[in-house]
Amino acid sequence: METYYKPEDLPKFSKMSEGSPELWKKFSDWYGAVFQAGALSEREKALIALAVAHAVQCPYCIDAYTQESLSKGADLEQMTEAVHVASAIRGGASMVHGVQMKNVNSKLTM
Amino acid sequence: MEVRHKSMKAFGESLANANEQLKIINNESNLPHFDEKYELVGEGELHASNIEIMQVNVGKMCNQVCKHCHVDAGPDRKEIMTKETMQICIDILKQTDIPTVDLTGGAPELNPNFKWFVDEIKKLDRHVIVRSNLTILKESGFQDLPKFMANHKCEIVSSLPFYKKTFTDKQRGDGVFDKSISAIKNLNELGFGKEGSGLILNFVYNPVGAFLPPSQEGLENDYKRELFNTHGVVFNNLYTITNMPISRFLDYLVQSGNYESYMQKLVDSFNPSAATNVMCKFTISVGWDGQLFDCDFNQMLEMNMDHGAPDHIKDFDMKKIENRRIVTAQHCYGCTAGAGSSCGGATA
Ligand code: SF4
Ligand code: SF4
């Protein structure tokens, strides 16, 4: 295997049904329902998905949800802000754990 | 992609030629032919029914040179409908009860007989749609047109590919968004787009790239909110339109390496309920020189009405036009993908 991630693998996603069609059906019905317009619009949901895709650093999802965000009416500005939100939470999550570091530090030092 | 200042035709580019475009779109051997796919609709071959709209392309000249333009319009295009050809259209309207005339181009306002034509159509009490690019209404010599269109109760349909400057100017040229907003303000002042005024102003969204349009309703809400909050302007409806893989958009698809995946996307998104309402079923399209087509896209591909229907308005015969078989090619997938696409927006 020369690389783990290949673009041509993305359309094979539905092959995950092989082995457990019932679970796949439940997953895909739920997945489809999640992205339908509700209290949040389809565009807002696509942008959240794009941000999460960056947080979990999934190349498949980044590709898919960049396309999806565009086709749900988002533009580069909105997508870039979504990536900043993901990055801020990732960075913030590291930073806020500094509190743990400080707790340990104050316990151990005079 | 560079901003264009002239049409592809002016530069002698090969895709300015309809045959070269057809060679590309009909040569995709691993995609099913549109006619085969259309059979899924369950109505047999694609045929027209009652004619509700006469769409007249009054010329290919335009003050803009948008990157995606399916007409390959621009300031250099000289094809303009004559008054004589317009008169034949009027005569046809007199003989028939076609309720709506949809004027397109290029910028239809650039035809020197635009006002005369609208006047004559209105005398016959038909509804007139003007596909105005908005910026032309700010050019000197054209600033009286909003008033003229208000007096004649024309419905205005205008491209505004996004509610922000970036995407709009990318597709339509630098400064187009600001100029469009200024024209919309003038139109709003006259009542266009305002509820209860009876003056309709609709916008058209089309994707600024190789992707399909979002849901019409959701995007209309975004447009209404953003355009009102940011610019204080209002409009009636938003139509979402899919970019057809022809002319300058085809050129973009090929140059950007998106052609194959875009066609695949259109085919994969084929929607039978969008396909039952394709606009060629109730539209006839008249070219600047009087030739007849099933739609404006076929017009640009030089695919005239056929299968026993006349190919020029001088031979107009409603009996042969209603129920005619439509001339199709692979670009037709652009009308049937997702929620569908027509000059009046989504069809499903
Ligand atoms: S305004 Fe319309 S006709 Fe003119 S170049 Fe743009 S898309 Fe083409
Ligand atoms: S491209 Fe024209 S002929 Fe083909 S489906 Fe669309 S409207 Fe009909």
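Some observations on this one:
- Residue within region B:335-347 that is farther than 20 Å from B:GLN21 by Cα, touching a Leu at 6+ places or on another chain (Cβ under 6 Å), in a loop (DSSP other than H, G, I, E, B) and modelled with pLDDT under 95 present: yes
- Residue satisfying all of: in region B:322-345; surrounded by fewer than 20 Cβ atoms within 10 Å (Cβ to Cβ) and more than 11 Å from ligand 2 (Cβ to nearest atom); nearest to the chain's Cα centre (by Cα) among these: B:GLY344
- Residues satisfying the stated conditions in region B:48-86, i.e. surrounded by fewer than 22 Cβ atoms within 10 Å (Cβ to Cβ), within 22 Å of B:ILE321 (Cα to Cα) and either of a type in the set (Gly, Ala, Ser) or within 11 Å of ligand 1 (Cβ to nearest atom) (or both): B:ALA48, B:SER49
- Qualifying residue in region B:146-166 (condition: in a helix (DSSP H, G or I) and either over 22 Å from B:GLU120 (Cα atoms) or within 14 Å of chain A (Cβ to nearest Cβ) (or both)): yes
Here is a yes/no grid of residues against (1) of a type in the set (Gly, Ala, Ser); (2) surrounded by fewer than 21 Cβ atoms within 10 Å (Cβ to Cβ); (3) closer than 27 Å to A:GLU8 by Cβ:
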{"position": "B:GLY193", "(1), (2), (3)": "yes, no, no"}
{"position": "B:SER197", "(1), (2), (3)": "yes, yes, no"}
{"position": "B:LEU219", "(1), (2), (3)": "no, no, no"}
{"position": "B:PRO245", "(1), (2), (3)": "no, no, yes"}
{"position": "B:MET263", "(1), (2), (3)": "no, no, yes"}
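- Yes/no for A:MET110 being outside any helix (DSSP H, G or I), away from chain B (no Cβ under 14 Å) and loosely packed, with under 10 Cβ neighbours inside 10 Å: yes
- Among the candidates B:ASP76, B:ASP35, B:ASP102, the residue that is within 16 Å of ligand 2 (Cβ to nearest atom), more than 21 Å from B:ASN243 (Cβ to Cβ) and touching a residue at least 12 places away in the same chain (Cβ under 8 Å) is uniquely B:ASP35.
- Any chance B:ASN206 is closer than 15 Å to A:LEU70 by Cβ and more than 11 Å from every other protein chain (Cβ to nearest Cβ): yes
- In region B:229-248, the residues that are away from chain A (no Cβ under 14 Å), of a type outside the set (D, E, K, R) and away from ligand 2 (no atom under 13 Å from the Cβ): B:ASN229, B:HIS231, B:GLY232, B:VAL233, B:VAL234, B:PHE235, B:ASN236, B:ASN237
- Qualifying helices (runs of 4 or more DSSP H) (wholly inside region A:1-84; at least 2 residues being within 14 Å of chain B (Cβ to nearest Cβ)): A:42-55, A:59-71
- Residue within region B:72-85 that is among the aliphatic types (A, V, I, L, M), within 28 Å of B:ALA18 (Cα to Cα) and over 21 Å from the mean Cα position of the chain (by Cα) present: no
- Residue ID - surrounded by the most Cβ atoms within 10 Å (Cβ to Cβ), chosen from residues in region B:20-32 that are in contact (Cβ under 8 Å) with a residue 40 or more places away in the chain and away from ligand 1 (no atom under 16 Å from the Cβ): B:ILE25
- B:ASN298 being assigned to a loop (DSSP other than H, G, I, E, B) and either closer than 29 Å to B:ALA210 by Cβ or within 16 Å of ligand 1 (Cβ to nearest atom) (or both): no
- The listed residues are A:SER87, A:SER69, and the only one of them that is modelled with pLDDT of 95 or more and either crowded, with 17+ Cβ neighbours inside 10 Å or more than 16 Å from the chain's Cα centre (by Cα) (or both) turns out to be A:SER69.
- Per-region count, region B:197-228, residues away from ligand 2 (no atom under 16 Å from the Cβ), out of contact with any Asp or Glu (no Cβ under 9 Å at 6 or more places or on another chain) and closer than 20 Å to B:ILE129 by Cβ: 5
- Considering (1) at pLDDT 95 or above; (2) within 14 Å of ligand 1 (Cβ to nearest atom), the lone condition that B:ARG4 does not fulfil carries the number (1).
Okay, residues lined up against (1) within 13 Å of ligand 1 (Cβ to nearest atom); (2) part of a loop (DSSP other than H, G, I, E, B); (3) modelled with pLDDT under 95:
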site: B:ILE88; (1), (2), (3): no, no, no
site: B:LYS94; (1), (2), (3): no, no, no
site: B:LEU103; (1), (2), (3): yes, no, no
site: B:GLU109; (1), (2), (3): yes, no, no
site: B:LYS115; (1), (2), (3): no, no, no
site: B:VAL118; (1), (2), (3): no, no, no
site: B:LYS122; (1), (2), (3): no, no, no
site: B:ASP125; (1), (2), (3): no, yes, no
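- Residue within region B:209-216 that is more than 14 Å from every other protein chain (Cβ to nearest Cβ) and either over 27 Å from B:ARG324 (Cβ atoms) or surrounded by fewer than 17 Cβ atoms within 10 Å (Cβ to Cβ) (or both) present: no
- Per-region count, region B:47-68, residues of a type in the set (A, V, I, L, M, F, W, C) and more than 16 Å from ligand 2 (Cβ to nearest atom): 5
- When B:LEU219, B:LEU253, B:LEU227 are checked against the criterion of being in a helix (DSSP H, G or I), under 28 Å from A:LEU40 (Cβ atoms) and modelled with pLDDT of 95 or more, a single residue qualifies: B:LEU227.
The values are calculated or read from the model by the stated rules, or taken from the named source; none is laboratory data. The shown structure was predicted, so the numbers you read here are calculated from the model rather than taken from an experiment. All Cβ positions, glycine included, derive from the backbone under ideal geometry; neighbour counts span all protein chains shown.
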